[in-house]
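Read through the structure below, which is laid out as structure tokens, and then see the notes.
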Amino acid sequence: MPQVSPRPPSKRSGVLLVGQLIRPHWKGLALALLAVLGETGADILEPWPIKIVVDNLLQSKRLSGRWAAFVFQFFGQDTFAILYFALAAVLLIAVVGAVSSYTEKYLTTSAAQWVAHDLRRMTYQRIQRLSLAEHGEARTGDLLMRVTSDIDAIQDFITSALLGIVINLLTLAGMIGVMFYINWRFTLIALSVAPVLFLFVYFYTKRIKRASRNVKRRESELLSGVAEVLTSIQVVQAFAREDYEDRRFEWESRQNVQAGLQARSMKAKLSPFVDIIVAAGTCMVLGYGARLVIAGQLTTGVLLVFLLYLGKTYKPMRDLSKMTNTVSRAAVSFERIQELLEMESRVRDLPGARKAPAFTGLIEFDHVTFSYDGVTEILKDVSARIEPGQVAAIVGPSGTGKTTIAGLIPRFFDPQSGHVKIDGLDVRGFTLKSLRDQVSFVLQDTLLFRGTVWENIAYGKPDAPIEDTVHAAELANAHDFIVNMPESYATMVGERGVTLSGGQRRRIAIARAIVRNTPILILDEPTSGLDAASEQLVTQALERLMKGRTSIVVAHHLSTIRNADVIFVIQDAEIVERGTHEALLAKGGVYAELYAIQASGSGEPEQRFDQVR
């Protein structure tokens, strides 16, 4: 699969991106951090009431100092005062912990949702602004995964792991501090397993991240295959290739399962090993502490509270080690998104680009050379001039660069050398939006969106009044069939316009171009694949559309462009002939040969555009 990005993302830009995403939500995250401190404090204080009950109530050890004065003042002077104080402390600690936990989770979830929204918006905007060259190299499924699954992984990390890591680190530090206060020897014994634990987790995390990256790649391949089949379902069914596609999908799914099982196996091994290491530390502390209690050198309450703290110390260690899955998935997803966001589109607004003025429609190709791969030249030293208001046709054998020439005008691609000019100015000096706002298209593969007929006609000019939309439909010979639809202009069109015939889709596309009312028009074989009746209606609509506009017609059927003002014949990446239909026939060259072949094959002349000027 072609790589979406030619270079790995930089760590510095990654840090800047994270800062950019989190900055608008810093207040909420700051409050969440305060809640984390409350939650951590509750965790640290939770074992102390048990110690007080064991040592000062069950073993009758006298409570002294400020604590004694506080307890006796508010809970009475009797024996049960200490018990009441301990119970009240348990409830208070639980309430503080619960409120802090809710606040932290609510605020982090809210921040995660908005960060995911911002990241999804940035990613989608970036995908839309990639040039057709990048879209041709990337797979649709992979791009969809970056907008959905990868962002979900980052959102999950922010929700469940980001402040969770902070909580665990603060809790760990607090617990270790208290443990040192209780008994520093116990603490050193308990922490002796920590280096082993973290070294194990560190090296294992690298393997988990590698496995997570492989899972993402397999998921991307699977989704890309599904997207490809769904967008080509008519071809699949026409050639009865359902069984083949089933087998291909099953193979991709099995590869995905194997990658997932491999990653899960690594993650599953991590937890038991961590538990064994933690258990070894607990055994050492318990054995040493029990000996001290038996020897009378340590109270039972101290040992009990230390073991409780030890459990709470090992818990964040275990949680941190088990977060490697979430962290690894988020890290891999962030790398993939960062790759996309850092990608330099081959066609973009150049420094100093300005808004294009209103065009008169003079188009020039000045020694243009173009190649898709940098090796094979699709166009070689092409020069041509199209006057304002002219109808210019581009003809030639298949694969000679006819559509490429048309695509250079709105900068779908940029030439390797030479200049494409409009009104004497290089198109690269204009912003892309202002350039394309003055060019309309009617393409052979007419694409409509799921929406109403009106929305599809007004797609290129959404602020167009409904009257203009209806008038455009009338000029495009589309109004009659539209008003006969169930809900007229409010009728929903299926995805890619599949609920309409080819001729109907083409006429809606012409109406869309009429509404835009641009000075430059590009037609890519607009009448191909239509029956005679539809072709006549489309041809009449195109005649109205081209009047007064500079029109470039990419034609395979030569009879359709016999009245063009100028015809450019492309062969072997060069313009080999140019002139009117009659002049080129009289010349007896490439054009005359192609025309003779088509005329003899069809048996009769095809419907042609009438004179439009």
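The values are calculated or read from the model by the stated rules, or taken from the named source; none is laboratory data. None of these values were measured; they are calculated from a predicted model. Virtual Cβ from ideal backbone geometry, glycine too; neighbours counted across all protein chains shown.
Is it the case that some residue within the stretch 456-471 is touching a residue at least 12 places away in the same chain (Cβ under 8 Å), farther than 17 Å from V515 by Cα and outside the structural domain of Q125 (by TED's automatic domain parsing)? Taking every residue of the stretch 456-471 in turn, none turns out to be touching a residue at least 12 places away in the same chain (Cβ under 8 Å), farther than 17 Å from V515 by Cα and outside the structural domain of Q125 (by TED's automatic domain parsing). Annotation note: of A153, A161, the sole residue that is assigned to a helix (DSSP H, G or I), touching a Lys or Arg at 6+ places or on another chain (Cβ under 6 Å) and hydrophobic (A, V, I, L, M, F, W, C) is A153. Just one of the numbered conditions (1) surrounded by fewer than 22 Cβ atoms within 10 Å (Cβ to Cβ); (2) under 26 Å from the mean Cα position of the chain (by Cα) is not true of K315: (2).
Report whether or not R512 is outside the structural domain of T403 (by TED's automatic domain parsing) and modelled with pLDDT of 75 or more. Against the criterion (outside the structural domain of T403 (by TED's automatic domain parsing) and modelled with pLDDT of 75 or more), R512 qualifies.
With respect to A555, is the statement that it is at pLDDT 75 or above, under 16 Å from G407 (Cα atoms) and not assigned by TED's automatic domain parsing to the domain that holds L475 true? Here the answer is yes, as A555 does meet what is asked. On inspection, F186 fails the criterion of being part of a helix (DSSP H, G or I), farther than 23 Å from D142 by Cα and modelled with pLDDT of 75 or more. The requirement of being over 25 Å from A392 (Cβ atoms), charged (D, E, K, R) and not in a loop (DSSP other than H, G, I, E, B) is fulfilled nowhere in the stretch 506-520; no residue meets it.
Checking each residue in the stretch 371-388 for being closer than 13 Å to G399 by Cα and touching a Phe, Trp or Tyr at 6+ places or on another chain (Cβ under 6 Å) picks out I378, L379.
For the stretch 259-277, check the following and say yes or no: at least one residue is aromatic (F, W, Y), within 30 Å of T326 (Cα to Cα) and within 36 Å of the chain's Cα centre (by Cα). No - not one qualifying residue is present in the stretch 259-277.
Kindly provide the set of residues from the stretch 103-124 that are among the small types (G, A, S) and buried (at least 17 other Cβ atoms within 10 Å of the Cβ), ordered by number.
If we filter the stretch 103-124 for residues that are among the small types (G, A, S), which is where we start, we get 110-112, 116.
Within the stretch 103-124, A111, A112, A116 meet the criteria.
Just to check your reading of the model, which residue among L223, L270, L197, L261 is out of contact with any strand residue (DSSP E or B) (no Cβ under 8 Å at 6 or more places or on another chain) and without any contact (Cβ under 8 Å) to a residue 12 or more places away in the chain?
L261
Being buried (at least 16 other Cβ atoms within 10 Å of the Cβ) and assigned to a helix (DSSP H, G or I): is that true of R146 here?
When the stated conditions are applied, R146 passes them.
If I ask for residues that are among the small types (G, A, S) and in contact with a Phe, Trp or Tyr (Cβ under 9 Å, 6 or more places away or on another chain), which ones from the stretch 354-370 would you list? Passing the criteria: only A356.
Taking the residues in the stretch 286-316 that are of a type in the set (A, V, I, L, M) and part of a loop (DSSP other than H, G, I, E, B) as candidates, determine which candidate is nearest to N183 (Cα to Cα). Out of the qualifying residues, it is L298. Test Q59 against the criterion of being at negative phi, among the polar types (S, T, N, Q) and at pLDDT below 75, and give yes or no. Against the criterion (at negative phi, among the polar types (S, T, N, Q) and at pLDDT below 75), Q59 qualifies.
Can you tell which of E344, E387, E339 is among the acidic types (D, E), out of contact with any helix residue (DSSP H, G or I) (no Cβ under 7 Å at 6 or more places or on another chain) and surrounded by 15 or more Cβ atoms within 10 Å (Cβ to Cβ)? Of E344, E387, E339, the one residue that is among the acidic types (D, E), out of contact with any helix residue (DSSP H, G or I) (no Cβ under 7 Å at 6 or more places or on another chain) and surrounded by 15 or more Cβ atoms within 10 Å (Cβ to Cβ) is E339. Candidates in the stretch 331-369 are the residues that are of a type in the set (S, T, Y) and not in a strand (DSSP E or B); of these, the one that is nearest to K216 (Cα to Cα) is S333.
A quick yes/no check of all residues on (1) aliphatic (A, V, I, L, M); (2) surrounded by 19 or more Cβ atoms within 10 Å (Cβ to Cβ); (3) touching a Ser or Thr at 6+ places or on another chain (Cβ under 6 Å):
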{"residue": "T376", "(1), (2), (3)": "no, no, no"}
{"residue": "I394", "(1), (2), (3)": "yes, yes, no"}
{"residue": "S398", "(1), (2), (3)": "no, no, no"}
{"residue": "T404", "(1), (2), (3)": "no, yes, no"}
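The single condition among (1) surrounded by fewer than 12 Cβ atoms within 10 Å (Cβ to Cβ); (2) under 25 Å from the mean Cα position of the chain (by Cα) that S212 does not meet is (1). Restricting A98, A35, A81, A86 to residues that are surrounded by 18 or more Cβ atoms within 10 Å (Cβ to Cβ), in contact with a helix residue (DSSP H, G or I) (Cβ under 9 Å, 6 or more places away or on another chain) and modelled with pLDDT of 80 or more narrows the list to A35.
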